[in-house]
1. Would you list 237, 7 from fewest to most Cβ contacts within 10 Å?
2. If each of residue 14 and residue 267 carries a label point 7 Å out from its Cα toward its Cβ, how far apart are those two points in nm?
3. List 77, 9 from most exposed to least, where exposure is judged by having the fewest other Cβ atoms within 10 Å.
4. Taking the Cβ of each residue in 17, 34 as the centre, tally the other Cβ atoms inside 10 Å and list the residues starting with the fewest.
5. Taking every Cα atom in segment 36-149, find the radius of gyration and the maximum pairwise distance Dmax, and write them in Å.
6. If the chain between residue 256 and residue 181 were fully stretched, how many nm would it gain, using 0.36 nm times the residue separation less the Cα-Cα distance?
7. Tell me, what is the FRET efficiency for residue 111 and residue 202 to the nearest 0.05, using R0 = 41 angstrom and their Cβ-Cβ distance as r?
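What follows is calculated from the coordinates using simple rules that are stated; it is not laboratory data. Remember, it's a predicted structure, so these values are computed and weren't measured experimentally. Here the Cβ positions follow ideal geometry from the backbone for every residue, glycine too, while neighbour counts run over all protein chains shown.
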């Protein structure tokens, strides 16, 4: 019976820790790949690069001429094509065009004190919208296997991460239930679940130390393409893992608390109960 309990405890711990880790990853990635997050990411990373291209030589830049050029380009049009980006580095084919709304562009040029930055922000936002709304003929995992990495930053990718969360959390709950049934007494149960939480939470420290080395693991062509586009891959990685790190740290702290509670409860239960001696009558 003890052997069966040990096997069940090990199996439950494996299911619990793997499912919880994947659930944390899916929740973090769902937050990272939301529409607002993707737009904010590209506005911050790509916007300044586009603004620099629009500005050209700062000494010769003329705001009035820039406004006139925008007005002429938008005359009689609702949209104009902004800069295009080569997305072949990410496994997709062709260039991604960034159409910009003339109403927004004209208003930004009229009201902004820094026209290149305003144009850069609009172009980057347009690029993000194009990436996010792109349609893929393959399923999410199949697209990744085919090297179409930009599917991660699409609505399809976001929907995938959201769709697996409940199943993973349910699997983690099943694993925790197996641990509770397999362990005898609450001290052992608390310690067993706490140790699994600590094991999951250790990833926080691993990611904290290792995320700066991830860019070096990318293919040379991918790194070169990112560098040419002026995209800081370290910043992207940081935005992706920060939500996960918060949950991983919470898991580690909760695990330490449960393990400590298990040892304290075990120690308290091991103490002999002192019986109160009846007082003698005088």
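1. 7, 237
2. Each label point lies 7 Å from its Cα, and together they span 3.4 nm.
3. Listed from fewest to most nearby Cβ atoms, that is 77, 9.
4. Starting with the residue having the fewest Cβ neighbours, the order is 34, 17.
5. 15.8, 50
6. Additional length available on full extension: 24.9 nm.
7. 0.25
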